[in-house]
Amino acid sequence: MPPVEDIKQAHAMAVEAMLPAGPETILRALHKLRLGTASRDLSEDDRQAQVLLYAEHLASYPAVVVNEATEHLLSNARFFPPLADVLAACEERSEKPRALLRCLEGMLELAAGRPAFLCGSQPWLRVSSYLRENYR
């Protein structure tokens, strides 16, 4: 197993990466998505209300997740997607980072001598593989 300080540092980085996106990041991603897709003809008030509704629901997701989800939708959706599709794209992109965070938390518990839920029999190897595959 790697040194505990390395696990703590990786955990702190993972926690920081999972902090919710700020309003500016969310609004920029939604604006880009709106510009890149066709949408219904809405009044300015309805358009603003729609953006605020989407932003409210996206507020708990990290910036990287929001950006990856909207980029995916921008590349694959011809029309401005419904809120459910945007949230589904965010959830899908949240799975691996959440799993990594749980794994690191399990490694910290194990290092402290407490029983822990681990991601496999050698969690440090799976974390290393995950990092290599997803953060080159």
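Derivation of every value follows stated rules applied to the coordinates shown; laboratory data play no part. These numbers were taken from a predicted model, which means no experiment stands behind them. Positions of Cβ are generated from backbone atoms using ideal geometry, with glycine treated the same way; all protein chains shown enter the neighbour counts.
Quick check: residue separation of SER39 and GLU71 times 0.36 nm, minus the Cα distance between them. What number comes out in nm?
Between SER39 and GLU71, full extension yields an extra 9.9 nm.
With only alpha-carbon atoms counted, please give the Rg and Dmax of the range 1-124, in Å.
Cα-based Rg and Dmax for the range 1-124 come out at 18.4, 60 Å.
What trypsin sites (Lys or Arg not before Pro) does the range 17-81 have in DSSP loop regions with at most 15 other beta carbons within 10 Å?
Of the trypsin sites (Lys or Arg not before Pro), the ones in loops of the range 17-81 whose Cβ has at most 15 other Cβ atoms within 10 Å are ARG40, ARG78.
Tell me, what HN-Hα J-couplings in whole Hz come from the Karplus equation 6.51 cos²θ - 1.76 cosθ + 1.60 at θ = phi - 60° for each residue of the range 26-34, using x for Gly and Pro?
Listing the rounded values in order: 5, 5, 5, 5, 5, 5, 4, 5, 5 Hz.
Per residue of the range 92-98, what does 6.51 cos²θ - 1.76 cosθ + 1.60 with θ = phi - 60° give for ³J(HN,Hα)? Whole Hz please, x for Gly and Pro, Karplus curve as stated.
In residue order, the calculated couplings are 4, 7, 8, 4, 5, x, 5 Hz.
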